[in-house]
């Protein structure tokens with residue numbers, strides 16, 4: 001048996017409870033890891049509450065969690081890592097546990113902390129995927145809404161590294177950090193479109209909405225084309241002719257100026273080298289997963305939240 005966090009009904013953070021679950025056994029291509037860190041993502045909260053029941057039906061009791069980093073202690077046939085390897089990746093069957101399964105393990109660079117390694121998986125892939133879907137090119141201007149969040153922070157850095165001018169809406173408490181990462185920060189809230197126009201040296205070419213704050217109509221007006229706007233957070237996307245980006249489908253070609261995707265191994269190496277930053281706000285013991293969810297739900301965090309089994 002293995003220690004884990006489970007929930008047996010949809011509801012508030014309190015439905016998350018410690019439990020003993022069967023030790024997972026790796027199948028072909030899988031590895032089992034002794035989890036050193038598990039990332040808490042906003043999607044975890046939506047799945048736990050039942051808000052995503054239509055798109056993500058679950059079988060109770062469920063072990064939540066999408067991402068983890070740890071040390072391989074068992075490997076299935078043709079697995080991408082061996083016993084003793086330090087790895088990170090997306091989990092099969094949940095990550096809020098002492099042991100978890102990875103389908104496509106990625107080697108963890110020695111210089112990369114366990115906390116950042118676990119945090120990088122979903123948000124890194126999401127930021128890279130959306131830039132590919134937008135087809136961003138060097139020499140153009142990208143507007144990022146919600147740049148203080150983890151996906152926004154990574155999107156700012158990846159876009160700036162590819163030669164884009166980046167304008168980012170954020171709370172004033174995030175201005176210094178967003179600016180240091182390569183963007184021109186503007187305050188979100190009423191009047192933001194004019195503040196963006198004043199800050200952008202040229203027309204806004206693309207918009208990534210990571211905020212879900214009702215910004216799609218004005219974002220389409222800024223670009224002049226709904227195909228140049230993508231959201232990962234606003235379920236009203238279709239009403240505005242905007243693409244809602246979800247899942248892990250391959251990104252569309254990026255056109256001139258670079259590749260469509262940043263594979264996870266490259267993201268891990270870049271983060272280990274210190275040229276890609278992903279702040280970790282706080283870590284919690286595994287048994288305090290409910291508190292971690294409550295803090296994230298109340299928007300107390302300013303960076304990634306991580307569980308340490």
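Name the residues of the stretch 121-148 whose amide N is less than 16 Å from a point 7 angstrom out from the Cα of residue 202 along the C-beta direction? What the label zone holds, given the 16 Å backbone N cut-off, is 136-143.
Could you list 7, 60 in order of exposure, starting from the residue whose Cβ has the fewest other Cβ atoms within 10 Å? Each step should come with its number before you reach the end.
Details: 7 25, 60 10.
Placing the least packed residue first, the sequence is 60, 7.
With helices as the sole contributors, the chain gives -7500 deg cm²/dmol at 222 nm; each DSSP H run of n ≥ 4 counts as -39500 (n - 2.57), and the sum is divided by every residue.
Above 18 angstrom, tally the Cα pairs of the stretch 32-149 and express them as a % of all pairs, no decimals. Let's see the in-between values first.
Working: 3948 of 6903 pairs.
Summing the P(r) tail past 18 Å for the stretch 32-149 gives 57 percent.
Express the relative contact order of the stretch 36-154 as a whole percentage, based on alpha carbon pairs under 8 Å and six or more residues apart in sequence. Write out the running numbers ahead of the final one.
Values: 176 pairs, mean separation 27.3, N = 119.
After rounding, I find 23 percent.
Counting neighbouring beta carbons within 10 Å and listing from fewest to most, the residues 281, 114 come out as 281, 114. When the alpha carbon gyration tensor of the stretch 136-259 is reduced to an equivalent ellipsoid, the three semi-axes, largest first, read 19, 18, 14 Å. Taking the C-alpha atoms only, the angle from helix 114-134 to the longest principal axis of the chain is near 40 degrees.
Every number here is computed from the coordinates shown, using simple stated rules; none is lab data. Treat the numbers as computed from the prediction; the structure is a model and nothing was measured. In this analysis, Cβ positions are derived from the backbone assuming ideal geometry, glycine residues included, and neighbour counts consider all displayed protein chains.
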